[in-house]
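The values are calculated or read from the model by the stated rules, or taken from the named source; none is laboratory data. Since this is a predicted model, take the numbers as computed values, not measurements. As a convention, Cβ positions derive from the backbone with ideal geometry for all residues, glycine included, and neighbour counts pool all protein chains shown. Accessible surface is based on the protein model in full, side chains and every heavy atom, while ligands, DNA and RNA are left aside. Shrake-Rupley method; radii C 1.70, N 1.55, O 1.52, S 1.80 Å.
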Amino acid sequence: MFPPTNPILNRILASNGALRSLAVNCSLLDDSAVAAIAKGSLRELSLLKCSSFSSYLFVAVGERCKNLRSFVLEMAASDDDEHFGICRKSIAHIVRGCGYLENLSLKFFPLLGPGSVDFESLVPIPSTIKVLLLQPVSNWQVKRLFPISTSLNTPVSNTLESLSLVLDIITDELVAFITGSLHNLVELCLEDNPINEPDLHNDLTNIGLQALGLCHNLTHLSLTRGKQNCSSTFRRVTDFGILMLAEGCKQLKTIRLAGFSKVRDAGYAALLQSCKDLKKFEVSTGCLSDLTCLDLDEAAPKITEVRLLCCCLLTSETAISLSSCTNLEVLDLSGCRSIADSGLVSISQLSKLTLLDLAGADITDAGLSALGNGRCPMSSLCLRGCKRISNNGIASLLCGSGTINKTLVSLDIGNIPRISNRSVTLIAKNCEQISTLCLRNCLLINDSSLETLGSMRHNSGKSSLKMLDLSYCSRLSRSFLGLFEPPFFRGLRWLGVGKNMLERRGCSPTVAELLERKPGLTVCGNACEMGCRNQCHPDIRSQ
């Protein structure tokens, strides 16, 4: 999303008094833009990647946006810790002032210590709230937000439908608090990032999973443990716990699980067999094998999305089994290193598949040939780290008898040693709709391929490319940024280059000079993933 400056945003919004929905990348904005943002006509407001606002933002939105139904905030820590601390303690203004609020999403970065954000000031949560996301929130704060005692029930108990929390730790007691006080939950997403290895008596166990069966309306469930602080897992959850979850929550349509190191095929297979309406299934574990997906006959017709991440025991047999899911639209097998060409032959016949992620797979040019001649209307393809692929494979993919060259919008061929200028030229000439291209760590790419890519035009006469990742492409010259000056790369909104390339001496033009000539472009020097995603960085010109 294009990050406007204060003057640009003020010019765009100054005279617009009927605006109902607004989403802004606020990475370049400060308090001088608040007056333009906080409009009384707004029903939906999303402020993303904020880093320079003060508490004035919360006060202004609470006072002026009385009819707001949805408020989404992403705020990063600034250089002024005191200033950021005041913001964290000002969120109550939103809830108090916006009496019709139904969707409230508050994310603060980076993940700070337990209780660092004053979420308890939201108590009592208004009965209008149906969707709530808080990050980061502590275990004890949740207990204040949702007391389990009947006499202390909050007005939100019977209205909240979706709850997403990023916690310090998920425990049985926490799950009991949630299931005991929120009776109409349809969606529950819990993620934790423990600072230390959790005590065995203060962690999630099979009992916590059994308690989830009390949420009779639950259709979407996500339970994940991150490894940002330590390599901890849910050590006390076994197949038995997952079997009880499958028995108690048969109505689930979406399942997302990560960090369950003691769960094996029996547990995951039980979920696939018991949840008859299952549409989306995601598991990240090293313990899942081909046996999980061996018998999908009954579940297969309804499944539209499968993500099996870092499942090192999976082979092409799983890909062959998943080919029975004829309505499959999304298949993510990233980190499954034993997926080979035979699996791609089956996948290539899925007529509704639009996203395929094979990062790190053991596929070759022959597998890409099968995809290029297949039936998939692919819009997004990730081949990052598939080290056996060469330029010939990219040629087979894009010049086959299929339609992938007409439908492909996003392509990731980063970290592949044999990818060179020839592949970039093939992409520029054959991919009519390509808007996102990742070439990071492709060490054979040089300036000549960028010249071809920057001047590509299709039927509309414009370049479709919006985001390009060139991090760690070390053969680019010191003057490679000059290739992005007008009239080249028209429409490009995000460029990833990596800090090592920006620190070279004698670069001409400089990043500041390029951004002066292309004010709509964002240059990332932090080697982030495409678009920086949830990362919030200061303006690169000030670093």
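A few remarks follow.
- If only residues of region 325-343 that are under 25 Å from the mean Cα position of the chain (by Cα) and aliphatic (A, V, I, L, M) are counted, the one that is most open to solvent (accessible area, probe 1.4 Å) is V330.
- Of the candidates L42, L47, L9, the single residue that is open to solvent by less than 20 Å² (accessible area, probe 1.4 Å) and under 19 Å from F108 (Cβ atoms) is L47.
- Filtered by the rule that a residue be touching a helix residue (DSSP H, G or I) at 6+ places or on another chain (Cβ under 6 Å) and buried (at least 20 other Cβ atoms within 10 Å of the Cβ), region 346-359 gives I347, S348.
- Checklist (1) assigned to a loop (DSSP other than H, G, I, E, B); (2) in contact with a Ser or Thr (Cβ under 8 Å, 6 or more places away or on another chain) applied to L45, failing item: (1)
- Condition broken by S284, with the remaining ones in (1) open to solvent by 30 Å² or more (accessible area, probe 1.4 Å); (2) free of Cβ contacts under 8 Å to residues at least 60 places away in the same chain; (3) of a type outside the set (A, V, I, L, M) satisfied: (2)
- Filtering region 51-85 to residues that are at pLDDT below 90 and either in a strand (DSSP E or B) or within 19 Å of L13 (Cβ to Cβ) (or both) leaves S52, F53, M75, A76.
- Any hit, region 473-484, residues being open to solvent by 10 Å² or more (accessible area, probe 1.4 Å), in contact with a strand residue (DSSP E or B) (Cβ under 7 Å, 6 or more places away or on another chain) and at pLDDT 85 or above: no
- Residue satisfying all of: in region 493-541; part of a loop (DSSP other than H, G, I, E, B), modelled with pLDDT of 75 or more and on the phi > 0 side of the Ramachandran plot; most open to solvent (accessible area, probe 1.4 Å) among these: A527
- The set of residues in region 230-258 being small (G, A, S) and either open to solvent by 10 Å² or more (accessible area, probe 1.4 Å) or at positive phi (or both) consists of S231, G248, A258.
- Boolean, D199 is surrounded by fewer than 19 Cβ atoms within 10 Å (Cβ to Cβ), among the acidic types (D, E) and modelled with pLDDT under 95: yes
- Hits in region 259-273 - residues which are open to solvent by 20 Å² or more (accessible area, probe 1.4 Å) and either farther than 12 Å from R235 by Cα or assigned to a strand (DSSP E or B) (or both): R264, D265, A266, A269, Q273
- Region 20-37, subset at pLDDT below 95 and in a loop (DSSP other than H, G, I, E, B), residue surrounded by the fewest Cβ atoms within 10 Å (Cβ to Cβ): D30
- Restricting attention to region 383-435, the residues that are farther than 17 Å from L371 by Cα, open to solvent by less than 50 Å² (accessible area, probe 1.4 Å) and among the polar types (S, T, N, Q) add up to 4.
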